[in-house]
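Below is one structure, written out as structure tokens; the observations come after it.
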Amino acid sequence: MSAIVRRIFVSGMGVAVLIVCVAGAAAAPPDRDVVVVNTPAQPVPVVATITGPVTAAITPSKEPFQQDVSVLVDAGVLSNTVSFAVPSGKRLVLEYVSGNTRVDDQELVRVNILTTAGGVSATHTLAPIVFHRPFEAPTHADFIVTYGQTVRIYADPGTQVSVMATRSENAEITATFFQLALSGYMVNCGTSPGCPIQ
């Protein structure tokens, strides 16, 4: 085979290889995003591999709570206490307390809420708003005392919440009536030891 024929043969082979490569590249489809559309009845299976310990965070449920509390301080008595129980397995969180009473002129009153949280008992004193009503016949001068306070008071499961109403003296012959409303929520502690604070 002469040198000229050999060159022509080699050149032809190179052109043939080039044509095949170009044709193969042109025939390949372009890259596209894959979109999977399944109905809820046909979920896409997912397989996950987890290594190490797994801790599940469970948020206790909250139940709205509100309760009226009426405390009667009889004539000749300086204070009285009314209590109610927190259900077992639930922690009570008080968020707002409101109420009112009326006392004679020159007499002072106080309202305390007693609870146990974390095994420790504490007394919480409400701040009163006092309105003095001057003497106008046929009534005598007196004080209108109201309460409206945002609080954060806890009570453990199975403990007592006590509302104590006190007045400084009792020169009058009539009783004094305290009407209060407590609101907040209860946290379901379940049967696990302890109860998370929220």
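The values are calculated or read from the model by the stated rules, or taken from the named source; none is laboratory data. Treat the numbers as computed from the prediction; the structure is a model and nothing was measured. Cβ placement follows ideal geometry from the backbone for every residue including glycine, while neighbour counts extend to all protein chains displayed.
For the structure I just gave you, tell me whether R110 is within 20 Å of S70 (Cα to Cα), at pLDDT 80 or above, among the charged types (D, E, K, R) and not in a loop (DSSP other than H, G, I, E, B).
So R110 fits the description; yes.
Examine segment 134-148 for a residue that is buried (at least 18 other Cβ atoms within 10 Å of the Cβ), of a type outside the set (F, W, Y), at pLDDT below 95 and within 21 Å of S70 (Cβ to Cβ), and state whether such a residue exists. For segment 134-148, residues buried (at least 18 other Cβ atoms within 10 Å of the Cβ), of a type outside the set (F, W, Y), at pLDDT below 95 and within 21 Å of S70 (Cβ to Cβ): present. Output the residue which, of all residues in segment 162-188 that are surrounded by fewer than 18 Cβ atoms within 10 Å (Cβ to Cβ) and part of a loop (DSSP other than H, G, I, E, B), is modelled with the lowest pLDDT. The extreme case among them is A171.
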